[in-house]
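Everything on this sheet refers to the single structure shown next.
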Amino acid sequence: MNDSLIIKGIEFKSRLWVGTGKYKDFEETAKAIEASGTDVVTVAVRRVNIIDRKKENLLDYVDPKKYKILPNTAGCYTVEDALRYARLAREAGISDMVKLEVIGDEKTLFPDVCGLLKATEILAKEGFIVFPYTNDDPITAKRLVDAGAAAVMPLGAPIGSGLGIRNPYNIKIILETVNIPVIVDAGVGTASDVSIAMELGCDAVLVNTAIAGAKEPIMMAEALKYACIAGRLAYKAGRIPRKLYATASSPIEGMLT
């Protein structure tokens, strides 16, 4: 299916994006990424070595020539920390793109919206292509557009919870509110969650724990690949309207009486 996603002139061939945390080792990470069919891999700058080439490095297993490396600021609780790690990744030649996280609470890992807006505005002015992780609030999504975000990444549910999309109506409103790509990030638990996000009309889905935490991560990665394709096709095909009562699937005109 030739259905690429274009953001700021960059072509993304896969609409399933995957993270690199929580795997048992880099080899399993690489195999799961391959099985997922993705071309976008997110990496937590402060948690995974992608800078020091003298030590074991994720990029020894994930080829930057094959995959788009999307650094993220996971684990950053202040604007200053988020800016520091975004700039560090760019200075190391990793990418001008950044998945921006400014976390506001250690227990829920919900975003600090005020800090997120501030960091988005600063990084966008510095020429970064900013993908902010945010809550599922349409007003915040609109503010992020105004701040210069290249896409918005609303959570489906809390990070790592596996609860799926808890409020599809908010996601739908966000899709109607903003004029930039919407990428569901966080909360996916299984293949059906990915399909739901795509059927809503989301432009992509980012998944980490649902794959890395599965009993068979490589098998789950492949399942999510097909779920993403199926959901996207269903969205483009256009589902039938929901009705309260039955409608015969076979014509009744011309039947013998």
For ILE7, other-chain or 5+-apart residues with amide H closer than 5 Å (H placed, Pro excluded) are PHE12
Among the trypsin sites (Lys or Arg not before Pro) within region 152-257, which fall in a DSSP loop and have no more than 16 other Cβ atoms within 10 Å of their own Cβ?
ARG166, LYS215, ARG239, ARG242, LYS243
Can you give the angle from 0 to 90° between the axis of helix 79-91 and the longest principal axis of the chain, with both taken from C-alpha atoms, to the nearest 10?
80 degrees
Residue-normalised 222 nm signal for the chain, counting each DSSP H run of n ≥ 4 as -39,500 (n - 2.57), nearest 500 deg cm²/dmol, is -11000 deg cm²/dmol
Give me the distance between the Cα centres of region 187-234 and region 1-30, rounded to whole Å.
12 Å
What is the helix-to-structure angle for 168-177, meaning the angle in degrees between its Cα long axis and the longest Cα principal axis of the chain, kept from 0 to 90 and rounded to the nearest 10?
80 degrees
Where the accessible area of region 100-257 is counted over protein heavy atoms with a 1.4 Å probe, how much of it, in %, is carbon and sulfur?
57 percent
Relative contact order for the chain using alpha-carbon pairs under 8 Å, separation at least 6, rounded to a whole percent?
17 percent
GNM top mover of ILE94, ILE240, ILE218 - the chain, alpha-carbon springs below 10 Å
ILE240
Can you tally the lysine pairs in region 120-257 where the Cα-Cα distance is under 28 Å and the two residues are eight or more apart, or on different chains?
8
What residue among ALA30, ALA210, ALA82 shows peak mean-square fluctuation when the chain is described by a Gaussian network model with Cα springs under 10 Å?
ALA30
Å² per residue, accessible surface of the chain at 1.4 Å:
51 Å²
Between helix 138-147 and the chain, what is the angle of the helix's C-alpha long axis to the longest principal axis, kept within 0 to 90° and rounded to the nearest 10?
40 degrees
Dipole magnitude (debye, nearest 20) for the chain, charges at Cβ of Lys, Arg, Asp, Glu
160 debye
Counting only GluC sites (Glu not before Pro) that sit in a DSSP loop (anything but H, G, I, E, B) with at most 11 other Cβ atoms within 10 Å, what is the longest stretch of the chain containing none of them?
107-252
Around SER95, which amide H atoms from residues at least 5 apart in sequence, or from another chain, sit under 5 Å from its own amide H, with H modelled in the peptide plane?
ARG90
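The values are calculated or read from the model by the stated rules, or taken from the named source; none is laboratory data. Quick caveat, the model's predicted, so the values are computed rather than measured. Don't worry about glycine lacking a Cβ; one is built from the backbone with ideal geometry, like all the others, and counts go over all protein chains shown. Just the protein is used for accessible areas: all its heavy atoms, side chains included, with ligands, DNA and RNA removed. Shrake-Rupley method; radii C 1.70, N 1.55, O 1.52, S 1.80 Å.
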